[in-house]
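Structure first, then comments.
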Amino acid sequence: MENKQDLAKRIGQRVKEIRKDYELSLKKLAANTGLSISLISRVENGLAMPSIPTLQTIAKSLKVGIEHFFKTDSPKQFIISPQAKLRTIVSGKGYKNIELLIEGMEIAFMEPTIVTNEDKDQENDIKIMAHDGQEFMYVLEGKIELTLGENKYIMKKGDAAYWNAHIPHRGLSLSKKPARSLNVSFSPGKRVNSWEFLD
């Protein structure tokens, strides 16, 4: 059975690994959590057993569940998904379909999806969105009207766009058949589904 000292070392190692994955300094993590640099350093070096509230504060700042600090294995460094099996993560709410291409990374900053855009005739029912992070879009099929702020762009197969997601944006299909695109969302410091703003 693992003793308290070994558990403290394991928790500390996991905190350090995740902090470094996010490229955060001890000073920055201390500022984000309100904890002292010395306390975080002692935790990371296994010299102090953190309380549950302290771990919850650190977990919230690192955007991970508290259970990550108790795992015995290191976070996955890569994921391979031959012939990706798409999992629908959003259906409706302004999109015919959003399918996740790959998942499983514990510390994930990007979310690649295949998006089937709603038709232009549904324009009045589809809100223009704005949220944290950045987005990339590459048109696979059809024609898409991409709204970025006050501007509208007609995107055809092979066209690409990259934008800061705080700019109000929306994609509408202008095709007889549904227009599809490869979209990659990037949310620094976030592990949650970046499409949750549609809920």
Turns out the strands (runs of 3 or more DSSP E) fully within segment 93-176 with at least 1 residues that are closer than 29 Å to F78 by Cβ and not assigned by TED's automatic domain parsing to the domain that holds K63 are 95-100, 110-117, 134-141, 160-164
Of the residues in segment 48-64, those that are surrounded by 13 or more Cβ atoms within 10 Å (Cβ to Cβ) and within 16 Å of A8 (Cα to Cα) come to A48, M49, P50, T54, L55, Q56, I58, A59
Among residues of segment 114-128 being among the aliphatic types (A, V, I, L, M) and at pLDDT 75 or above, the residue nearest to L182 (Cα to Cα) is I114
Only one of E67, E111 is modelled with pLDDT of 75 or more and surrounded by fewer than 15 Cβ atoms within 10 Å (Cβ to Cβ), namely E67
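The values are calculated or read from the model by the stated rules, or taken from the named source; none is laboratory data. It should be emphasised that the depicted structure is a prediction, and the values quoted were computed from it without experimental measurement. Note: ideal-geometry Cβ built from the backbone for every residue, glycine included; neighbour counts use all protein chains shown.
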